[in-house]
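Below: the structure, in C-alpha cells.
Read-outs throughout are calculated quantities, based only on the coordinates presented, and are distinct from any laboratory measurement. Just so it is clear, the model here is predicted, and its values are computed rather than measured. Here the Cβ is made from the backbone with ideal geometry for all residues, glycine too, and neighbour counts use every protein chain on show.
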Amino acid sequence: MDFDKTSFADLLNAFASDAPTPGGGSAAALAGAMGAALAEMVASLTLSKEKYAASHEAVRPIAGLARRTRQELQRLAHEDSEAYDAVVAARRLPKDTPDQEKVRTRKTSEANRLAAEVPMRTARSAARLLAAMPELAKRGNPNAASDAGAAALLLEAAAHAALLNVAINLAGIDDAAFAADLKAESQRLSDEAVRIRERALSTVRSAF
C-alpha cells in the first residue's frame, strides 16, 4: 500500500480489514508522523510571528527536526508493512524436508529480525522528537499550547505502540544477544517517553 497516495478513509478501511498489514507498527509510525506534523505547526506558528522573535532561535531547529521526523515516520509506516509481509511469506515456505525446514527457519528468523528492527527505528524517531517537546511547549506560541500537548501524546503513543511490535517479534529471533539488546533499549525508551511526555504536558497545562 502506498500510504502517501491513499485517502484517509481507505487507510482506515485497510487497518480495519482482516489483512495482516497494515497493522500496529504502521499505525504507530503514522501516529508519530501526525504528532510530528503538529509539532511543525506549533513551530511554524511561532516562527511566523515577530512577537515571538525571542523564541525563534530555540524553535527553529525543532521545526527542522519535526519535518525530518514526519518524513522518516511516513517511510517507516510503509517499511513496517513490508517487513511483516516478509514474516508471513517466510512462515508459508515449505517444511516437508529437513533442508526445507532449515531454510524456512532461517528465513523466518531473518524476517522477524527485520520486523523488530523497523518498529524500533519508529520508536527511536518518535522518542527523539518527543525529547524536544518540553522546549517547544515552553518556547512555542502559547496559543498553540494544546497542539504541542497533542503532539507529545501522539509521539509517546507512537513510541509505545512501536515497542509492542518490537517485543512480539523478538521471540522469533535466533540471536539471543540481539534480542536482549533490543529488549533493554525498549525498556529505556519506554521509561524515557513517559517522563518526557509528563514534562511536556506540565508545561502545556501551565499555559492555560
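Assorted remarks:
- Put in order of Cβ neighbour count within 10 Å, fewest first, the listed residues 1, 133, 120 become 1, 120, 133.
- From most to least packed by mean Cβ count within 10 Å, the peptides 65-71, 42-48, 7-13 give 42-48, 65-71, 7-13.
- With contacts taken as Cα pairs under 8 Å at a separation of at least 6 residues, the chain carries a relative contact order of 28 percent.
- Total lysine pairs in region 23-205 at Cα distances under 29 Å, for residues eight or more apart or on different chains: 5.
- The 3J(HN,Hα) values that the Karplus relation (6.51, -1.76, 1.60; θ = phi - 60°) gives for region 116-123 are, in residue order, 8, 5, 5, x, 5, 5, 4, 4 Hz. Gly and Pro appear as x.
- Using θ = phi - 60° in the Karplus curve 6.51 cos²θ - 1.76 cosθ + 1.60, the 3J(HN,Hα) couplings for region 46-58 round to 8, 5, 7, 10, 5, 5, 10, 4, 5, 9, 4, 4, 6 Hz; x is entered for Gly and Pro.
- Qualifying trypsin sites (Lys or Arg not before Pro) for region 104-157 [loop in DSSP, other Cβ within 10 Å: at most 11]: none
- For region 47-190, the Kirkwood hydrodynamic radius from C-alpha pairs, put into Stokes-Einstein at 37 °C and a viscosity of 0.692 mPa s, yields a diffusion coefficient of 191 µm² per second.
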